[in-house]
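Presented below is the structure to which this report refers.
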Amino acid sequence: MLRILMNPVEDEGTYFITMEYVTGEDLKPSNIMIDKEGNARIMDFGIARSLKGKGITGAGMMIGTPEYMSPEQVEGKEADQRSDIYSLGVILYEMLTGRVPFEGDTPLAIAVKHKTEAPRDPRLINAQIPENLSRVILKCMEKDRTQRYVSAEDVISELDKIDKGKTGAIKVAEWKNSVAVLPFKNMSADPEQECFCEGIAEELLNALTQVKELRVAARTSAFSFKGKDVDIRETGRALNVDKVLEGSVRKSGQRLRITAQLVNVEDGYHIWSDQFDKETKDIFAIQEEISLIIADKLKLKLLKEEKEKILKRYTDDHEAYNLYLKGRYFWY
């Protein structure tokens, strides 16, 4: 039960707020306390703004406690209730593991991790955490706010189901038709091909987001696993998806060798794997083919407009496309 007890007072034109003295323990130091009756009390509203104006939380300003900030707050974007849900996920994470999901030597280092790194599955820290509760926490902490719970009521509903034991453990099948596209590995001798490899993965990710029945992990979340030697099953669970698309690229002159594998997160086995030996001018056709194969393997029936979006090309000039990928790589 969450209780907020405040009394607005006016004295000779001066307005102030009085609050009762509460004895208990801090949940997040100086912000949330648990009183002796077990009720949660908000002690400090921290950042607030008037509904009539932007105030200090307007876009372009990064204000808040780094350990509990949402990715959009880190970017200085306008916050909404989903930002609060992200922070709630951080608090739940800390309650169950005894540590915050991201730590660093400086506030900036911590803030950047909220934007670029996926949180570690809390069950890897505390094995006693139920799997369904872990899923709730990780959904609250999705990098892309559109992938989080829409409202606090949705979170409460999920927690109530877990508390009453109605759902049991959440199974992978319950998040069916979800995929994460990991950055493809550069198998070429030239390290400058990294931008090309990341670009291919990003284009595949963007194409798959056009399918309404398919839930695709955000780029920042999926790409945070680049270069990390993590079991694909752990990666998928951390990203809250049931399938992972990974691959590699070897480029030599105008020749390309692209391998791609679709992996089932539940057991770590391949659903599909293939190799494409083509010229660089065929890169668009390869990306289109892989996207359509993924949809087929997931047994998704594409609508006409969805297929058109997947097959839509913004250029047929592969040199211009390569420069575009380089630009995006260095921009990120």
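One table, with the values for the structure above:
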| read-out | value |
| --- | --- |
| Criterion: over 23 Å from Asp277 (Cα atoms), out of contact with any Lys or Arg (no Cβ under 9 Å at 6 or more places or on another chain) and at pLDDT 85 or above - qualifying residue of Asp231, Asp242 | Asp231 |
| Residue check, Val100 within 22 Å of Tyr332 (Cβ to Cβ), touching a residue at least 24 places away in the same chain (Cβ under 8 Å) and surrounded by fewer than 21 Cβ atoms within 10 Å (Cβ to Cβ) | no |
| One residue from Val241, Val211 being out of contact with any strand residue (DSSP E or B) (no Cβ under 7 Å at 6 or more places or on another chain) and assigned to a loop (DSSP other than H, G, I, E, B) | Val211 |
| Filter result (closer than 14 Å to Leu88 by Cβ, out of contact with any helix residue (DSSP H, G or I) (no Cβ under 6 Å at 6 or more places or on another chain) and either without any contact (Cβ under 8 Å) to a residue 60 or more places away in the chain or acidic (Asp, Glu) (or both)) within region 114-146 | Glu142 |
| Boolean, Leu138 is modelled with pLDDT of 90 or more and either among the β-branched types (Val, Ile, Thr) or closer than 18 Å to Thr65 by Cα (or both) | no |
| Selected residue [crowded, with 21+ Cβ neighbours inside 10 Å and more than 30 Å from Leu133 (Cα to Cα)] from Ala222, Ala207, Ala238, Ala217 | Ala207 |
| Which listed residue, of Arg233, Arg145, is outside the structural domain of Ser273 (by TED's automatic domain parsing) and surrounded by fewer than 21 Cβ atoms within 10 Å (Cβ to Cβ) | Arg145 |
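The values are calculated or read from the model by the stated rules, or taken from the named source; none is laboratory data. Treat the numbers as computed from the prediction; the structure is a model and nothing was measured. As a convention, Cβ positions derive from the backbone with ideal geometry for all residues, glycine included, and neighbour counts pool all protein chains shown.
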